[in-house]
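Everything below concerns the one structure shown next.
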Amino acid sequence: MSCHQFLPHAQSRSVPFPPFLAPLLEELCSQKKPYQLLFGDGSNYLHQPDRRRGWYIGAIARSQSSDPYSPRVTIHDLRHTAASLAISAGANVKAVQRMLGHSSAAMTPDTYADLFDDDLDAVAVALDLARSKATLEST
């Protein structure tokens, strides 16, 4: 599955997401008008998180309070993690390029290497399968 994101003064981007997120995103969508932004108040883009306070630092603090070994990751770390998971799940380098918004597919393997498959939606399906497998293994 994928959601089309329209960026002001930039190109639009398809953002894949695994099917297990669909019900959560559908719930968010049901509370918004079609022209509203999905996250935040619907009118204003979420601000980049501040390194000292804000919603992201609060999420990290909650994570670390429940698990003291939880790493302190940046938003950019999450981007790299998403790319690495997509690649390790067999995603096509061109699909990962589109997911990340790289202007050239050559930049993606230079940064992430060893990644291949064919379709942007395959990235989302592969992530869903990886999550299902991890959930089964942890039980």
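Select from region 28-56 the residues that are open to solvent by 100 Å² or more (accessible area, probe 1.4 Å) and part of a helix (DSSP H, G or I) and list them in ascending order.
Trp55
Please find, among Ala126, Ala86, the residue that is at pLDDT 80 or above and touching a Gly at 6+ places or on another chain (Cβ under 6 Å).
The conditions single out Ala126.
Would you be able to say whether some residue in region 57-65 is modelled with pLDDT of 90 or more, open to solvent by 90 Å² or more (accessible area, probe 1.4 Å) and either touching a His at 6+ places or on another chain (Cβ under 7 Å) or within 21 Å of Arg131 (Cα to Cα) (or both)?
The answer is no, given that none of the residues of region 57-65 is modelled with pLDDT of 90 or more, open to solvent by 90 Å² or more (accessible area, probe 1.4 Å) and either touching a His at 6+ places or on another chain (Cβ under 7 Å) or within 21 Å of Arg131 (Cα to Cα) (or both).
Would it be correct to say that Arg72 is open to solvent by 50 Å² or more (accessible area, probe 1.4 Å), at pLDDT 80 or above, closer than 25 Å to Tyr56 by Cβ and over 13 Å from the mean Cα position of the chain (by Cα)?
On the way: open to solvent by 50 Å² or more (accessible area, probe 1.4 Å): yes; at pLDDT 80 or above: yes; closer than 25 Å to Tyr56 by Cβ: yes; over 13 Å from the mean Cα position of the chain (by Cα): yes.
When the stated conditions are applied, Arg72 passes them.
Can you tell me which residue among Arg53, Arg62, Arg72, Arg79 is of a type in the set (Lys, Arg) and closer than 29 Å to Ala122 by Cβ? It would help to see each step written out before you state the result.
Details: Arg53 fails: closer than 29 Å to Ala122 by Cβ; Arg62 fails: closer than 29 Å to Ala122 by Cβ; Arg72 fails: closer than 29 Å to Ala122 by Cβ.
After applying the criteria, what remains is Arg79.
Taking only pairs six or more apart or across chains, which ones have beta-carbon atoms under 7 Å, a first residue in region 124-139 that is open to solvent by less than 100 Å² (accessible area, probe 1.4 Å), and a second residue that is of a type in the set (Ser, Thr, Tyr)?
As it stands, the answer is Ala124/Ser2, since those pairs meet every condition given.
Among the residues that make up region 95-103, is at least one of them in contact (Cβ under 8 Å) with a residue 12 or more places away in the chain, in contact with a helix residue (DSSP H, G or I) (Cβ under 6 Å, 6 or more places away or on another chain) and not in a helix (DSSP H, G or I)?
no
The values are calculated or read from the model by the stated rules, or taken from the named source; none is laboratory data. Keep in mind the model is a prediction, meaning the values are calculated, not measured. Here Cβ is always computed from backbone atoms with ideal geometry, including for glycine, and neighbour counts include all displayed protein chains. In case anyone asks, the SASA skips ligands and DNA or RNA and just uses the protein heavy atoms, side chains included. Shrake-Rupley method; radii C 1.70, N 1.55, O 1.52, S 1.80 Å.
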